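Below is one structure, written out as structure tokens, with a few remarks after it.
The values are calculated or read from the model by the stated rules, or taken from the named source; none is laboratory data. Please read these numbers as outputs of a predicted model, since none were measured by experiment. Here Cβ is always computed from backbone atoms with ideal geometry, including for glycine, and neighbour counts include all displayed protein chains. Ligands, DNA and RNA are excluded from the accessible area calculation, which covers all protein heavy atoms including side chains. Shrake-Rupley method; radii C 1.70, N 1.55, O 1.52, S 1.80 Å.
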Amino acid sequence: MKKLINHPAAVVEEMLEGFVAAHSRYVRQLPHNKRSIVSTNTVRPGKVGVICGGGSGHEPSFLGLIGKGMVDGVPVGNIFASPPPDPILEVTRAVDAGAGVIYLYGNYAGDCMNFDMAAELAGMEGIRVETVRITDDVASAPKSEEDRRRGIAGDFLVFKVAGAAADQGYSLDEVVRVTSKANQVTRTMGVALSPCFNPQTGRPSFELGPDEMEIGLGIHGEPGVQKGKIKPADEVAGELLDRILADMPLSRGDRAVVLVNGLGSTTYMEFFIMYRRTAQILAEKGVEIHRSYVGEYVTSLEMGGCSITLMKVDDELARLMDHPADCPMFVQM
């Protein structure tokens, strides 16, 4: 393991200190807990507060999404670990503007437990909290058990919808409705080429031979569904899309948002080769690409590989995906 760090136990705090310093126009730390990061713009009265969060190691998510048209605050956990209830509750208090707060996170046991605990504590203080858990990872559970699926790169697209809806003045119930709709039509499949190393342990998250890849491996190193010899990019893109489209069929005339997401150490050259084939396959099926995102959105430290995400959009979802956003991760006009 080679990393530009100081002490392994200090990586999260030092990362947060640097992030806030680099993006002081967008974010600030709350005084009572440095793991509580919120927007520098006060949530306007009557707007739904939007909170997303999870473990560190997935940068630029989740911190990079704080900003106008996106999320209002992020509680930060240790590497690949849920934030505890205290910073979640502190962020909740900070972003509540009287219209309630929505919690958004990947469907992992620790996140579910800690965010639910924070929601209960917030409720005792008179803050209404609703939750949407992201479940886009096709590989993590069968279609008959979608509620058990993990949230991975599709997090970004669902968060985008929720942030836009809140910014447009949707009520909390309506933000929950449209965010749940977005989650239901978002699917992701990934491929891993090499592991990542947790700086606090120095150990690889999994093992792959120099000529191997694994389909469906999770962003924390959870086992995938198929391991084998590495294949050309066109074949890999085809396999990922075959699994997505078997789970969520798209017909001629449908529209989709496409995300090709890097896991931490893959080059943009490879992303665009993967996107090229993805666009070809969708064109052959008569599916219109409404909007595309290519790059690193939800990483896994320095894991090698990438994922493909499709969100099937109707007029409402398309409009929300087009809504302007301004945050450290990206600016969309």
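Data table
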{"read-out": "Charge dipole (the chain, unit charges on Cβ, about Cα centre) - positive-most of Gly151, Ser251, Thr267", "value": "Thr267"}
{"read-out": "Antiparallel DSSP beta bridges within the chain, as percent of all bridges there, nearest 5", "value": "55"}
{"read-out": "The stretch 251-262 - phi-based ³J(HN,Hα) in whole Hz, Karplus 6.51/-1.76/1.60, Gly and Pro as x", "value": "10, 4, x, 5, 10, 9, 8, 10, 10, 9, 10, x"}
{"read-out": "Estimated FRET transfer efficiency when R0 is 22 angstrom, pair Gln184-Ser292 (beta carbons, to 0.05)", "value": "0.60"}
{"read-out": "Cα-Cα over 23 Å, subset of Lys285/Lys312; Lys181/Lys227; Lys2/Lys231; Lys143/Lys229; Lys160/Lys227; Lys231/Lys312", "value": "Lys181/Lys227; Lys2/Lys231; Lys143/Lys229; Lys160/Lys227; Lys231/Lys312"}
{"read-out": "Neighbour net charge for Val225 - beta-carbon separation under 10 angstrom, K R +1, D E -1", "value": "+1"}
{"read-out": "Heavy-atom accessible area per residue - the stretch 193-326, 1.4 Å, Å²", "value": "43"}
{"read-out": "Antiparallel bridges, percent of DSSP beta bridges restricted to the stretch 186-322 (to nearest 5)", "value": "75"}
{"read-out": "Phe272 paired with Ala21, simple spin-label distance in nm, labels 7 Å along Cα-to-beta-carbon", "value": "3.4"}
{"read-out": "Accessible area (Å², 1.4 Å probe, nearest 10) - Met1", "value": "100"}
{"read-out": "GluC sites (Glu not before Pro) within the stretch 128-207: DSSP coil, no more than 15 neighbouring Cβ in 10 Å", "value": "Glu207"}
{"read-out": "Pairwise label distance in nanometres, Phe197 with Arg148, each label 7 Å out on the Cα-Cβ vector", "value": "3.5"}
{"read-out": "Asp326-Ala109 pseudo-label distance in nm [points 7 Å out on the Cα-to-Cβ vector]", "value": "4.3"}
{"read-out": "Dipole in debye (nearest 20) - the chain, about Cα centre, beta carbon charges: Lys, Arg +1; Asp, Glu -1", "value": "380"}
{"read-out": "Charge-dipole axis of the chain as Lys and Arg at +1 and Asp and Glu at -1 on Cβ define it, positive-most pick from Leu240, Ile215, Asn41", "value": "Asn41"}
{"read-out": "Ellipticity estimate at 222 nm from DSSP helix runs (n ≥ 4, -39,500 (n - 2.57)) divided over the chain, nearest 500", "value": "-10000 deg cm²/dmol"}
{"read-out": "From the coordinates shown, Kirkwood radius over Cα pairs in Å corresponds to which of [x] 23.2; [y] 19.8; [z] 26.7", "value": "[y]"}
{"read-out": "Solvent-accessible area per residue, Å², over the stretch 115-165 with all protein chains present [probe radius 1.4 Å]", "value": "37"}
